[in-house]
Structure formats: C-alpha cells, structure tokens
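First up is the structure itself, then whatever we jot down about it.
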Amino acid sequence: MKFSFVTLFPNLIKGYFSESILKRAIEDKYISIDFYNPRDFTIDKHNRVDAPMVGGGAGMLMTPQPLMDTLKAIKEESSDASIIFLSPVAKKFTQNDAKRLAKKEHIVFVSGRYEGIDERVIETYADELFSIGDFILTGGELASMVICDAISRNIENVLGNSDSLSVESFECSLLEAPSFTKPKNYEGKEVISELLKGNHSKITDLKRGLALCKTKYFRPDLYKKGITDEK
C-alpha cells in the first residue's frame, strides 16, 4: 500500500512514521509514504498558495491552481490513486472505512490549511471526504495521520498478531472489554478473579458482559445497535 500526503507541512507528518509499528511496516515494505507540497506547484511569483475568500469572510483559503496541479501530477503518475480530503463537514471515518480502504493500492490524503480549500478542487478530485470528529483542527495533517494509521493496521502483516484485530472495539458493534495484566493486586485494586481461573468459556462470557456494560455507559448509540443486530 502506498500513502501520499499532500500538505504544506510534510515535517509534521514524517516523524510519526519514524517509530514503532509503522516504521517497521515501511522497512518491511508493507506500506510506503511520500509527500507532495502544493508550494512546489504554485505559479504565483510570491510562492503563495492562499487568497481571501470571494464574497468575504474571515481568514484565507487555499487556492485552486497549486492543489489542482499537484493532484493532476499524482494522477498522471498513479491513475489508480484514491484521493481523500480531510474536512470537518464530511462524514465521520469509521473502522469499516479503515478495513475497506486497506484493500486499496494507493491512497492520497489532501490536508487543508487556513480556512480550508477552494471547493472546486474538492469537486474535481475528491474520491472521498472524511472527518474524524465534530471539532475543528488547525489543519488536516493530524486527521490524515489518524486515518492512515487506522488503515495501515488493517493491512496484512502490518500487525505482528493479526488476531488482535478481531477483538478490538467496533468489530462487533461493542467496545472492547476492559483488559488487565499482572500483578493480581496493585495498590488494593484486584484483577477480576474469573479471568485467572483458565475457564475460557466463562472468560468469554464475562468479557462480553463487561463489553456490554462499557458500551452501554460510554456509547449508548453503539449499544442499541449491538442489541438490534443480535435480534
């Protein structure tokens, strides 16, 4: 899988891939990353990539030409590239999206800055738009890293133990049950005794019950969906 990042600030992203699981995934060639800076494509004599919004409004907007030419160059190099824009007005990204997109060959993330991107760029090049939540970020780089991480861990061999994916939150409309490690007692707080007895059937039932309680408390919307799916 190849990931390309269209961003004015590539250094904000590069460091995230220099450690841990994603670093190993790059070294083992399960994923690759590259960067495109719209400033390298601008024809403005002052190297500008932003302008005031037509019709008024606070702040500046990323102009069409640098982004259009950037994405055109990417498409000429890789016709199968799926272009994703990060925007707070888009639909929320989910685990199902991560699993679906993990089957792609090449994904391009376009990170906006300032007050956003000229809508004509989105209309021309967007294959999908995603938001990571109902809040506003300074730019799209953080959101693109979040989505890239979620997709990457669903790519075969990226995780050392692929079985861990099957028990995570959102895989069955429930949040993952609480987890514990040794010691059995830490500062007066004990691990649930049933987890230590080795009866896997009872442990499975216990974890499901805990997952139901956790989901009902933190995400009643998912709890209702999970109960409905079982009927």
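Evaluate the distance, in nm, between pseudo-label points positioned 7 Å from the Cα of GLU77 and of SER201 along their respective Cα→Cβ axes.
5.8
Using Cα Rg over 2.2 N^0.38 Å as the read-out, say which of (1) 1.03; (2) 1.16; (3) 1.25 was calculated from these coordinates.
Correct label, based on the coordinates given: (3).
If the cut-off is 24 Å between C-alpha atoms, which lysines fall inside it for LYS104, apart from same-chain ones fewer than 8 positions away?
Leaving aside lysines fewer than 8 places away in the same chain, those within reach of LYS104 are LYS2, LYS14, LYS23, LYS29, LYS72, LYS75, LYS91, LYS92.
Mean-square fluctuation check for the chain, GNM, Cα pairs under 10 Å: which of LEU67, LEU101, LEU174 is largest?
LEU174
Specify whether the C-alpha gyration tensor of region 11-61 places it in the rounded, prolate or oblate class, a ≥ b ≥ c being the square roots of the eigenvalues: rounded for a/c under 1.5, otherwise prolate if a/b is larger than b/c and oblate if not.
Here region 11-61 falls in the prolate category.
Compute the long axis of helix 220-230 from its Cα atoms, compare it with the longest principal axis of the Cα atoms of the chain, and write down the angle in degrees, 0 to 90, nearest 10.
70
Sorted by mean Cβ packing within 10 Å, highest first, what order do the peptides 16-25, 191-200 take?
16-25, 191-200
Between LYS99 and LYS182, what is the label-point separation in nm under the 7 Å Cα-to-beta-carbon projection?
It is 3.4 nm.
Could you calculate, for region 30-165, the ratio of the Cα radius of gyration to the Kirkwood radius, expressed as Rg to Rh?
Answer for region 30-165: 1.00.
Quick one: helix 200-218 against the long Cα principal axis of the chain, what's the angle to the nearest 10°, folded into 0 to 90?
For helix 200-218, the angle is close to 50 degrees.
Rounded to the nearest 500, what is the chain's calculated 222 nm mean residue ellipticity when only DSSP H runs of at least 4 contribute -39500 (n - 2.57) each, over all residues?
Mean residue ellipticity at 222 nm (helix-derived): -10500 deg cm²/dmol.
How about region 82-147: which GluC sites (Glu not before Pro) there lie in a loop by DSSP and see at most 12 other Cβ atoms within 10 Å?
Here the sparse-neighbourhood loop sites are GLU105.
Could you work out the relative contact order of the chain, using alpha carbon pairs under 8 angstrom and six or more residues apart, expressed as a whole percent?
Over the chain, the number comes to 19 percent.
Of the options ILE26, ILE84, GLN65, report the single residue whose Cα projects farthest towards the positive end of the charge dipole of the chain (beta-carbon charges: Lys, Arg +1; Asp, Glu -1).
Checked the options; the winner is ILE26.
Around LYS29, with a cut-off of 15 angstrom between Cβ atoms, what is the net charge of the other residues, counting Lys and Arg +1 and Asp and Glu -1?
-2
Stretch ARG120-LYS45 to full length: gain in nm at 0.36 nm per residue minus the Cα-Cα span?
Stretched out fully, the ARG120 to LYS45 stretch lengthens by 24.8 nm.
The numbers here are math on the coordinates, done by the rules we state, and not lab data. Here the structure is a predicted model, which is why all the values come from computation and not from measurement. Because the Cβ atoms are built from the backbone with ideal geometry, glycine has one as well, and the counts that use them run over all protein chains shown.
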